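Right, one structure below, let's go through it.
The values are calculated or read from the model by the stated rules, or taken from the named source; none is laboratory data. All values reported here derive from a predicted model rather than from experimental measurement. Counting neighbours? That spans all protein chains shown, and the Cβs are built from the backbone with ideal geometry, glycine included.
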Amino acid sequence: MEAPPLIRDDALLRATRRRRLVSRVVAHAALILGVLIVAFPIWMTLVGSTHDSGTIGRGEVPLLPGTHAVENYATAWGKGGGVMRTTPASLMLWNSLLMAVLIAVGKIAISILSAYAVVFFRFPGRMAAFWAIFITLMLPVEVRIIPTFQVIVDLNLGNTWAGLVIPLIASATATLLFRQFFLTIPDEFVEAAKIDGAGPLRFLKDVVLPLSLTNIAALFVILFIYGWNQYLWPLLIINDRSMETIVVGLSKMIGRGDSQNDWNTIMATAVLALLPPVLVVALMQRWFVRGLTETEK
Amino acid sequence: MATLSLRDVRKSFNATQVLHGIELEVADGELVVIVGASGCGKSTLLRIVAGLETPTSGQVVISNRDVTGLEPADRDIAMVFQNYALYPHMSVFGNMAYGLKIRGLPRAEIEKRVQAAAEILGIGALLERKPKQLSGGQRQRVAMGRAIVREPALFLFDEPLSNLDAKLRVQMRAEIRRLQRRLGVTSLFVTHDQVEAMTLGDRLVVMNAGRPAQVAPPMEIFSRPADTYVAGFIGSPSMNFIPATLEEGGRAARLAEGSAIQFADGPRPGPAGMPLILGLRPEHIEPGDGPDSLPLAVELIEPLGSETVVHGRAPGGLAVTARLPGAFSGAVLPVQLPAGHLHVFDAGSGRRLDP
């Protein structure tokens, strides 16, 4: 008996190929459009930071880089920009870095400890404590800013690092995330540690912290950027020019009314302000993704 | 020398009492297996001995020292968990050494002990690996190693084999037994698996609803079960239970459908007409025609290779399971109920009735 001839539907095959091609083109077009929308303002800033102050002052919108990059960045870095010749970007960057790191580290430390207490200990009022923490989620810095300001001023903490950082450290989000993670640590680890003779702090240091490393890294990225981008609170609490953070300083550079702005220096400062968060994300990306997606078990 | 004794240990979770006064003496070097269905309180009992759970009342005494109020670390025990509870971020060496490190043993001593234990368990080549890189059987060994290095007075095993596949389970079972004999460490082993219990234990504690139904060596539990629960729990397939009543003089039992079985080993005490339950193990049921044979209507045949399990119904609707050597096929199986292998229980209390 002869085998039946193989059926080959060329028309259907071509239609399938065409459909696949079209869907790929559409997907890429949408993505490219998205990238352009996000990237264009950044490109404008980058380009703006390489021209002299006159170019932008005349109302031109250059789309190609100019030749004044080095001097603009040197001015921004060393002397500061704007009409008022404010704080140099180098100092503001350092201030922002210090603030962001203090906030991130402080938040992580306090959240780990409070989540550890809520998850691993039975004490009276445990759930009440948890809910109290949870409820503060509904009160972001901006809502409680007036009473917080009053407290900090009464404590004489205005214009100090403590006054700047401490109110921003109290955090429910990180506590919640750590709580959820700690809940996934099997009871057997706790029990094995008890039999091994590890006390609560030892268990925290030897077992819980090493297991939380990726989560800590992911949270550090999020909280660093949160801290870096703080605007309202530093604006209120810091008057001292030498403690100015870059996000606040940047907006102060822009003069009001008729005054002429050094847009080239301002844009150079803006680019500098962008770099640290970008670096943190780029360097910790691997950890960041792992910490948010997988658990080590 | 290490012994364990439990004195009237009781435990309630809120209003629910899960342990009703456990008394148990474990001799030095003995391996006692606590076996029972899930929810019978066997794990709770083990956790009370470990100190992970506090008894509502009663005492836990290890080597003549009352440890009831002590922390787990101060009880001189080691425990092997069901899912091994190996710390995932530590190497095999780290896992085994952790308890010793906390106790502040010198580095050299720790190395020596871990090496020795790894040698015994055949995991010497794995010491640098992480638990994630190990197979189930290797993890099991590491968990055992972690217990061994501590050189404890008492080993506690909480269903350590139930996460292994069937073949490995049999292998590790034998290995645990050999190891325990070799080290001579007093051990308490919790399992729900009756084969594990029978093969491992010097003695068994069969738990039923928070009470020890019987405490005895495996073969005694098998041949002289103390009540219908133990009789039904130990042995596979389960023992057949046949309702009957006691005859005048206690020398025979009358089955529901009319026939009588004479007791081979003597009269049972009790009034005539007392309701009884007769127990017969499937392997003791003999095929064969005779004047008093029972024709079983065959419902299901399970061939196991060297033997065949036949599920059938006697006239009157009673389900009977028989285990026959070799193969079997057919719709009707006439069987004899051999009086010599009969277990007699009081239908009211479920307790065994002996002559």
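Scan region B:23-37 and tell me whether some residue there is within 24 Å of residue B:165 (Cα to Cα), within 14 Å of another protein chain (Cβ to nearest Cβ) and not in a strand (DSSP E or B).
Scanning region B:23-37, I find no residue that is within 24 Å of residue B:165 (Cα to Cα), within 14 Å of another protein chain (Cβ to nearest Cβ) and not in a strand (DSSP E or B), so the answer is no.
For region B:186-212, name all the residues that are of a type in the set (A, V, I, L, M) and crowded, with 22+ Cβ neighbours inside 10 Å. First the steps, then the outcome.
The initial filter retains those residues of region B:186-212 that are of a type in the set (A, V, I, L, M), namely B:188, B:190, B:195, B:197-198, B:200, B:204-207, B:209.
Once the filter is applied, which keeps residues that are of a type in the set (A, V, I, L, M) and crowded, with 22+ Cβ neighbours inside 10 Å, region B:186-212 yields B:188, B:190, B:197, B:200, B:204, B:205, B:206, B:207.
With the condition being closer than 27 Å to residue A:196 by Cα, I'd like the strands (runs of 3 or more DSSP E) fully within region B:153-223 carrying at least 2 qualifying residues. So that I can check it myself, show each step before the final result.
Details: elements: B:154-158, B:186-191, B:203-208, B:211-216.
Where strands (runs of 3 or more DSSP E) fall fully within region B:153-223 and carry at least 2 residues being closer than 27 Å to residue A:196 by Cα, they are B:154-158, B:186-191.
Which pairs do you get when a residue that is charged (D, E, K, R), found in region A:50-68, comes within reach of a residue that is part of a loop (DSSP other than H, G, I, E, B), reach meaning Cβ atoms under 6 angstrom, with the pair 6+ apart or on two chains?
A:52/A:68
Going residue by residue through region A:156-163, is there one that turns out to be farther than 30 Å from residue B:97 by Cα and over 27 Å from the mean Cα position of the chain (by Cα)?
Narrowing region A:156-163 to residues farther than 30 Å from residue B:97 by Cα: A:156-163.
So of that shortlist, the ones also over 27 Å from the mean Cα position of the chain (by Cα) come out as A:156.
The answer is yes, given that some residue of region A:156-163 is farther than 30 Å from residue B:97 by Cα and over 27 Å from the mean Cα position of the chain (by Cα).
Could you tell me which of the residues B:226, B:118, B:143 is farther than 28 Å from residue B:48 by Cβ and buried (at least 19 other Cβ atoms within 10 Å of the Cβ)? So that I can check it myself, show each step before the final result.
Details: B:226 fails: farther than 28 Å from residue B:48 by Cβ; B:143 fails: farther than 28 Å from residue B:48 by Cβ.
Matching residue, one of B:226, B:118, B:143: B:118.
Is it the case that region B:100-111 has a residue that's crowded, with 21+ Cβ neighbours inside 10 Å, facing chain A (nearest Cβ under 10 Å) and within 25 Å of residue A:200 (Cβ to Cβ)?
Taking region B:100-111 as the starting set, the residues that turn out to be crowded, with 21+ Cβ neighbours inside 10 Å are B:100.
Subset that is facing chain A (nearest Cβ under 10 Å): B:100.
Retained after the next criterion (residues that are within 25 Å of residue A:200 (Cβ to Cβ)): B:100.
Within region B:100-111 (the criterion being crowded, with 21+ Cβ neighbours inside 10 Å, facing chain A (nearest Cβ under 10 Å) and within 25 Å of residue A:200 (Cβ to Cβ)), the answer is yes, since at least one residue qualifies.
To keep it simple, each residue is scored yes or no on (1) modelled with pLDDT under 90; (2) surrounded by 18 or more Cβ atoms within 10 Å (Cβ to Cβ); (3) assigned to a helix (DSSP H, G or I); (4) among the aromatic types (Phe, Trp, Tyr).
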{"site": "A:96", "(1), (2), (3), (4)": "no, yes, yes, no"}
{"site": "A:105", "(1), (2), (3), (4)": "no, no, yes, no"}
{"site": "A:109", "(1), (2), (3), (4)": "no, no, yes, no"}
{"site": "A:115", "(1), (2), (3), (4)": "no, yes, yes, no"}
{"site": "A:122", "(1), (2), (3), (4)": "yes, no, no, no"}
{"site": "A:130", "(1), (2), (3), (4)": "yes, yes, yes, yes"}
{"site": "A:136", "(1), (2), (3), (4)": "yes, no, yes, no"}
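Suppose we filter B:96, B:79, B:90 for residues that are over 30 Å from residue B:212 (Cα atoms) and either at the interface with chain A (Cβ under 9 Å from one of its Cβ atoms) or basic (Lys, Arg) (or both); which single one remains?
Numbers: B:96 fails: either at the interface with chain A (Cβ under 9 Å from one of its Cβ atoms) or basic (Lys, Arg) (or both); B:79 fails: over 30 Å from residue B:212 (Cα atoms).
B:90 is the lone residue from the list that is over 30 Å from residue B:212 (Cα atoms) and either at the interface with chain A (Cβ under 9 Å from one of its Cβ atoms) or basic (Lys, Arg) (or both).
Scan region A:54-65 residue by residue and report those that are surrounded by fewer than 18 Cβ atoms within 10 Å (Cβ to Cβ), closer than 17 Å to residue A:261 by Cβ and under 31 Å from the mean Cα position of the chain (by Cα).
A:61, A:62
Residue B:48 fails exactly one of the following numbered conditions: (1) out of contact with any Ser or Thr (no Cβ under 8 Å at 6 or more places or on another chain); (2) at pLDDT 90 or above; (3) within 14 Å of chain A (Cβ to nearest Cβ). What is the number of that condition?
Going through the list (1) out of contact with any Ser or Thr (no Cβ under 8 Å at 6 or more places or on another chain); (2) at pLDDT 90 or above; (3) within 14 Å of chain A (Cβ to nearest Cβ), residue B:48 breaks only (1).
So is residue B:162 more than 14 Å from chain A (Cβ to nearest Cβ), modelled with pLDDT under 90 and under 27 Å from the mean Cα position of the chain (by Cα) or not? Full working, then the answer.
Details: more than 14 Å from chain A (Cβ to nearest Cβ): no; modelled with pLDDT under 90: yes; under 27 Å from the mean Cα position of the chain (by Cα): yes.
In short, no.
Starting from region B:7-23, take each residue that is over 22 Å from residue B:63 (Cβ atoms) and list its partners that are at pLDDT 90 or above and acidic (Asp, Glu), counting only C-beta distances under 8 angstrom and pairs at least six apart or across chains.
Once the first residue is over 22 Å from residue B:63 (Cβ atoms) and sits in region B:7-23, its partners that are at pLDDT 90 or above and acidic (Asp, Glu) give B:11/B:53; B:21/B:8.
Restrict the check to region B:158-167 and report whether at least one residue is crowded, with 21+ Cβ neighbours inside 10 Å, touching a Gly at 6+ places or on another chain (Cβ under 9 Å) and in contact (Cβ under 8 Å) with a residue 12 or more places away in the chain. Reasoning before the result, please.
Restricting attention to region B:158-167, the residues satisfying the condition of being crowded, with 21+ Cβ neighbours inside 10 Å are B:158, B:160-161.
If we keep only those that are touching a Gly at 6+ places or on another chain (Cβ under 9 Å) too, we end up with none.
No, there is no match, as no residue in region B:158-167 is crowded, with 21+ Cβ neighbours inside 10 Å, touching a Gly at 6+ places or on another chain (Cβ under 9 Å) and in contact (Cβ under 8 Å) with a residue 12 or more places away in the chain.
Could you list, in sequence order, the residues of region A:161-185 that are more than 14 Å from every other protein chain (Cβ to nearest Cβ), surrounded by fewer than 20 Cβ atoms within 10 Å (Cβ to Cβ) and polar (S, T, N, Q)?
Passing the criteria: A:173, A:180.
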